[in-house]
Amino acid sequence: MTSITILDGGLSRELERLGAPFRQPEWSALALMETPNIVKLAHQSYIDSGARVITTNSYAVVPFHIGETAFKEQGHELAALSGKMARNAVEESNTDTQVAGCLPPLFGSYRADLFLPERVNEIAIPLIESLNPYVDIWLSETQSLIEEVTRVKALVDKIDTDKKPFWASFTLEDAEPTAEPVLRSGETVVDAVKAMHALGVNAILFNCSQPEIIGEAIQLTKSTLKSLNSADIQIGAYANAFPPQPKSAAANEDLDEIRKDLTPPAYLTWVKQWNKDGATLIGGCCGIGPEHIKAISQYQNTLK
């Protein structure tokens, strides 16, 4: 087994648990608007549980969630606030935790069909510029489409003169069986890995998918990187606790049910397998809370 860098878990459910306002379509962005201090508390919950990479609460700071007008008027401010709250949590923790700047799907989770290349700059640039002073890592997460990551990384490369590490995390088709792991766009994991290698990313991860589907994607990623003679790209995983999500899923309509079988011990079983398969960046996504991250941290301690 290889040592794990522990990521945090799902932020929105932790915000709700701590008493932050929570409704659709604003989702986790509502906490930034009304109770930013609870955002910091949520980050602290994960740091206290053992996470050494926390992700900014900027996932819903896009027009898809907060609306076109609010994004134009408050997008910069809210994204900066998400970075500030994460940075403050780290500074108050006296740990070596790093902050990952969340660069979310710009046009909605799971919806590669809604991608509008002509609007990428308009939405992504405010997020990148606002998060840049606060983050240690860029995390383009829950991505369904290779092209979106490609375009966003090009913007990061222009704006971030410090050249911080860039992690690309994809969400996988898990509503129906496929011959091999594919993104929700239908593009193969192998093609995604080759594209990310060409882009020069520092890590390839899989998130916001059921744990059952992630293992094979990790194995394919490892073998593909080996064929490309690339040993310096890390592999990671952070699954959600949702039942299978259909291709027509609309992330800002309803709150999804959480699987009751993914207890911390059950989730840890998947974590151990991912680690065995080659993943070194591991945490949780929607429905995976501080108690799950604590279980991973305790397991990590046994590897030392």
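Every read-out reported here was derived from the displayed coordinates using simple, explicitly stated rules and does not represent laboratory data. Predicted model, so just to flag it, every value in this text is computed and none were measured. Neighbour counts run over all protein chains shown; Cβ positions are idealised from the backbone, glycine included.
Quick notes on this one:
- Ordering VAL61, VAL156 by the number of other Cβ atoms within 10 Å of each residue's own Cβ, fewest first, gives VAL156, VAL61.
- Highest-first packing order for the peptide set 275-282, 71-78 is 275-282, 71-78, based on the mean count of other beta carbon atoms within 10 Å.
- Treating r as the C-beta distance of THR269 and GLN24 and R0 as 30 Å, the FRET efficiency rounds to 0.40.
- In this simple spin-label approximation, ASN121 and ALA70 carry label points 7 Å from Cα along the Cα→Cβ vector, and these lie 2.7 nm apart.
- Correct choice for log10 I(q)/I(0) by the Debye sum over Cα atoms at q = 0.11 Å⁻¹ that was computed from the model, options (1) -0.58; (2) -0.67; (3) -0.78: (1)
- Each Cα pair under 8 Å and six or more residues apart adds its separation to the average, and for region 27-115 the resulting relative contact order is 37 percent.
- For the chain, the antiparallel share of DSSP beta bridges with both residues in that region comes to about 5%.
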